[in-house]
Amino acid sequence: FNQTVASLSAQGYKMIFATSYGYVNKALAAKYPNILFEQATGTDVSKNLSEYFGRGEDTIFLSGMAAGYASKTGKIGDVLAFP
């Protein structure tokens, strides 16, 4: 990810969205003070580093309803990142 940020910085990007936890930390953000970083589900915050997280349960619920409706049996399964 560091190489990607370096490339985007060289191209003049001013804001970068990291869509998964762990890609951006305070040290990386400090290295590029003129770029605003937004990290999904992150916990680090600094002058140019913020975190965001949407309400995932709403979309998961609606996706499950649609999948159940579309299935032949009316049954669905769910694979989660955590048990």
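So the values come out like this:
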quantity	calculated
Solvent-accessible area per residue, Å², over the range 15-83 with all protein chains present [probe radius 1.4 Å]	79 Å²
Estimated distance in nm for a label pair at LYS14 and ASP58, the labels positioned 7 Å out from Cα along Cα-to-Cβ	2.9 nm
Within a Gaussian network of the chain (alpha carbon springs, distance under 10 Å), most fluctuating of PHE61, PHE53, PHE37	PHE61
Pairwise label distance in nanometres, ILE76 with ALA27, each label 7 Å out on the Cα-Cβ vector	4.1 nm
Counting DSSP beta bridges with both ends in the range 1-58, the antiparallel % (nearest 5)	10 percent
Estimated FRET transfer efficiency (ASN34, GLN3; beta-carbon r; R0 22 Å; 0.05)	0.75
Largest-first ellipsoid semi-axes for the chain, taking √(5λ) over the Cα gyration tensor eigenvalues, angstrom	37, 13, 11
GNM top mover of ALA66, ALA18, ALA29 - the chain, alpha-carbon springs below 10 Å	ALA66
Value of [θ]222 nm, deg cm²/dmol, for the chain, DSSP H segments ≥ 4, -39500 (n - 2.57) each, nearest 500	-10500 deg cm²/dmol
Rounded to the nearest 10 Å², the accessible area of PHE17 at probe 1.4 Å	120 Å²
In the chain, lysine pairs closer than 27 Å at Cα, eight or more apart or cross-chain	5
Residue order for TYR52, TYR13, TYR69 - accessible surface, 1.4 angstrom probe, largest first	TYR69, TYR13, TYR52
Cut-off under 5 Å, modelled amide H: who pairs with GLN39 long-range	ALA18, SER50, GLU51, TYR52
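The values are calculated or read from the model by the stated rules, or taken from the named source; none is laboratory data. Being a predicted model, the structure only gives us computed values, none of them experimental. Cβ coordinates were reconstructed from backbone atoms using ideal geometry, including for glycine residues, and neighbour counts include every protein chain displayed. For the accessible areas, the whole protein counts, side chains as well, though only heavy atoms, and no ligand, DNA or RNA atoms are used. Shrake-Rupley method; radii C 1.70, N 1.55, O 1.52, S 1.80 Å.
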